[in-house]
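The values are calculated or read from the model by the stated rules, or taken from the named source; none is laboratory data. All figures in this text were calculated on a predicted structure; none of them were measured in a lab. Using ideal geometry, Cβ is built from the backbone for each residue, glycine included, and neighbour counts are taken over all protein chains shown. What goes into the accessible areas is simple: the full protein's heavy atoms, side chains included, and nothing from ligands, DNA or RNA. Shrake-Rupley method; radii C 1.70, N 1.55, O 1.52, S 1.80 Å.
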Amino acid sequence: MLMASSSNAQWSSRWAFIMAAVGSAVGLGNIWGFPYEAGQGGGGAFVLIYLFFVFVIGMPLLIAELSLGRRGRMSPIGSMKKIAEEEGKSTLWQLIGWSGVIGAFIVISFYSVVGGWVLAYVVKALSGFSGLAADSSAEVFTSFIADPYLPIISHAAFMGITIFIVAKGVEGGLEKAVTFLMPALFVLLVGLVIYSAFTGAFAQTLSFLFAPDFSKLTLNVALNALGQSFFSLSLALGSIMTYGAYLKRDVNIGKSAAIIASADTGVAVLAGLAIFPIVFAYGLNPGAGGGLVFISLPIAFGQMPGGVVIGTLFFSLLAVAAITSAISLLEPSVSYVSEKTGKDRRKVAATIGFAAFILGIFSSLGQSGNILGDVSIFGYSIMDAKDSLTKNWMMPLGGMFTALFVGWFVSRKSMMEELAMNDSSFKIWYFLVRFVCPVAIAAVFISIVFL
Ligand code: PHE
């Protein structure tokens with residue numbers, strides 16, 4: 001695996017690329033975000049439309065971004081500009097790259113705060129959650145995020161690790177770690193699902209997640225599902241495009257995208273199946289929001305045999321998954337600034353990471369009960385405002401323009417050459433990016449604004 005910014009840097013193998021891309025996709029979005037968004041969106045209705053968005057909108061966009069990155073071989077901004085020029089189109093198309101780079105910077109600032117919570121929970125898990133009841137588990141979490149210092153220290157630690165890895169360029173060691181640790185997280189999740197199935201309210205979970213109640217399917221739920229599917233697949237923030245820039249020409253982009261999307265969705269669904277049986281068994285509120293995973297799982301870890309080891313392992317692996325995503329969030333701006341200034345990559349990573357850390361402090365202090373807990377931006381807390389700006393606005397719009405660009409402004413012939421898919425797959429993909437993606441995204445948007 002690599003993270004060099006030079007334009008001739010490449011992944012060491014197809015497998016290294018897939019692992020890095022899965023590492024980017026699988027993260028807090030799957031294990032923290034998906035269950036709580038599904039919980040707030042009423043369960044099955046959210047899940048169904050989420051799956052539709054992942055495979056019908058997200059996957060074609062994943063293919064589009066990978067191919068744009070591979071063709072441009074630069075930062076997202078540089079690649080978009082270069083391709084627009086090559087195609088004789090306006091260089092304003094580079095705005096897609098800008099929106100991605102800026103969006104990724106905003107996301108890493110709060111992502112790192114939640115990553116810090118995970119690190120803090122590794123320490124909490126080590127000392128054991130034994131005998132934690134539902135309300136005391138909630139109390140542990142709410143008092144932790146209301147603390148002015150500890151979450152910021154954890155946020156600093158998380159950002160520090162991310163900067164360190166991005167600065168070094170990820171070679172050898174991390175590639176091995178990721179190839180081993182991501183599957184380990186998967187296995188552990190399967191184990192937790194089995195545990196939850198035997199001890200928790202599994203039947204209720206299955207009907208909650210998979211029997212859609214269409215009365216809950218509002219436009220807002222659809223928009224959240226759209227944003228969440230993009231977020232989970234790491235789309236529209238330049239991350240996937242940046243990873244595509246390091247991709248060899250002989251890698252099959254279509255197949256890779258299918259693997260990445262399936263692995264990502266598999267982990268999200270497993271997380272839901274592990275968490276909701278505990279939520280229902282202990283009478284927690286499935287719509288409780290961002291605390292869901294931090295409140296529900298510790299109750300189970302406190303009760304199961306070997307809970308200290310399993311709980312510690314779970315939060316450690318979650319931290320690894322979050323760090324591999326955070327790396328891909330820092331990478332777009334680092335690659336752009338080092339490309340532009342020619343400055344040493346380590347300095348650039350440290351400076352941008354530090355700036356994101358400072359911005360993140362506000363998200364941390366803006367948690368309910370904390371110093372800035374009462375600050376409201378259009379009715380949102382500081383973290384939720386950043387989350388909503390990126391997930392509900394920048395990502396869907398970025399995705400829509402990316403689809404329009406590859407579908408209508410890049411020539412069909414050069415897309416065909418770049419993707420080298422068989423004829424019928426190409427036709428399906430082309431139809432999806434030309435018509436289905438822009439129309440579906442625009443429909444969700446327009447109805448939110450006008451209805
Ligand atoms: N996909 C990551 C997750 O689910 C977050 C992410 C979003 C990473 C966008 C890169 C770009 O946790």
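Number of residues in segment 149-173 that are open to solvent by less than 40 Å² (accessible area, probe 1.4 Å), out of contact with any helix residue (DSSP H, G or I) (no Cβ under 6 Å at 6 or more places or on another chain) and modelled with pLDDT of 95 or more: the value is 1. Taking V251 as meeting all but one of (1) under 30 Å from S67 (Cα atoms); (2) among the hydrophobic types (A, V, I, L, M, F, W, C); (3) within 21 Å of the chain's Cα centre (by Cα), write down the number of the exception. Against the list (1) under 30 Å from S67 (Cα atoms); (2) among the hydrophobic types (A, V, I, L, M, F, W, C); (3) within 21 Å of the chain's Cα centre (by Cα), V251 comes up short only on (3). Within segment 28-40, residues that are open to solvent by 10 Å² or more (accessible area, probe 1.4 Å) reach partners that are assigned to a helix (DSSP H, G or I) and within 11 Å of the ligand (Cβ to nearest atom) with beta carbons closer than 7 Å, at six or more positions or on different chains, in the pairs W32/V114; E37/Q228.
Considering L237, L318, the condition of being modelled with pLDDT of 90 or more and part of a helix (DSSP H, G or I) is satisfied by L318 alone. Among the residues making up segment 316-350, those that are of a type in the set (S, T, N, Q) and either within 15 Å of the ligand (Cβ to nearest atom) or more than 23 Å from the chain's Cα centre (by Cα) (or both) are T324, S325, S328, S333, S335, S338, T341. If the condition is being of a type outside the set (V, I, T), within 11 Å of I18 (Cβ to Cβ) and more than 10 Å from the ligand (Cβ to nearest atom), then segment 224-251 contributes only L247. Might you let me know whether segment 122-129 holds any residue that is within 16 Å of the ligand (Cβ to nearest atom), at negative phi, assigned to a helix (DSSP H, G or I) and modelled with pLDDT of 95 or more? Checking segment 122-129: not a single residue is within 16 Å of the ligand (Cβ to nearest atom), at negative phi, assigned to a helix (DSSP H, G or I) and modelled with pLDDT of 95 or more. L419 passes every criterion in (1) open to solvent by 20 Å² or more (accessible area, probe 1.4 Å); (2) touching a helix residue (DSSP H, G or I) at 6+ places or on another chain (Cβ under 9 Å); (3) over 22 Å from A157 (Cα atoms) apart from (1).
The numbered conditions (1) within 15 Å of the ligand (Cβ to nearest atom); (2) more than 26 Å from E65 (Cβ to Cβ) are all true for A184 except (1). Within segment 366-387, not a single residue is outside any loop (DSSP other than H, G, I, E, B), surrounded by fewer than 24 Cβ atoms within 10 Å (Cβ to Cβ), among the small types (G, A, S) and in contact (Cβ under 8 Å) with a residue 60 or more places away in the chain. Taken together, the criteria exclude L206 from residues that are within 16 Å of the ligand (Cβ to nearest atom), in a helix (DSSP H, G or I) and surrounded by fewer than 22 Cβ atoms within 10 Å (Cβ to Cβ).
Candidates I18, I63: the one that is within 23 Å of G97 (Cα to Cα), away from the ligand (no atom under 11 Å from the Cβ) and surrounded by fewer than 24 Cβ atoms within 10 Å (Cβ to Cβ) is I18. Looking across I327, I259, one residue alone is assigned to a helix (DSSP H, G or I) and buried (at least 19 other Cβ atoms within 10 Å of the Cβ). It is I327.
Are there helices (runs of 4 or more DSSP H) fully within segment 1-96 with at least 1 residues that are within 15 Å of the chain's Cα centre (by Cα)? List them.
Ranges flagged: 14-25, 34-40, 44-52, 59-72.
Going by the structure shown, is S136 part of a helix (DSSP H, G or I), open to solvent by less than 40 Å² (accessible area, probe 1.4 Å) and of a type in the set (S, T, Y)? When the stated conditions are applied, S136 does not pass them. Only one residue in V193, V187, V251 is at pLDDT 90 or above and either open to solvent by 60 Å² or more (accessible area, probe 1.4 Å) or closer than 21 Å to S99 by Cβ (or both), so which one is that? Every option except V187 fails the conditions.
Taken over segment 287-314, the residue count meeting the criterion of being in contact (Cβ under 8 Å) with a residue 40 or more places away in the chain and either in a helix (DSSP H, G or I) or buried (at least 24 other Cβ atoms within 10 Å of the Cβ) (or both) is 19.
Any idea which residue in segment 422-451 is surrounded by the most Cβ atoms within 10 Å (Cβ to Cβ), counting only those that are among the polar types (S, T, N, Q) and within 23 Å of S256 (Cβ to Cβ)?
Filtering first and then ranking leaves S425.
Would you mention how many residues in segment 389-416 are within 16 Å of the ligand (Cβ to nearest atom) and either in contact (Cβ under 8 Å) with a residue 12 or more places away in the chain or out of contact with any helix residue (DSSP H, G or I) (no Cβ under 9 Å at 6 or more places or on another chain) (or both)? Residues meeting the conditions: 11.
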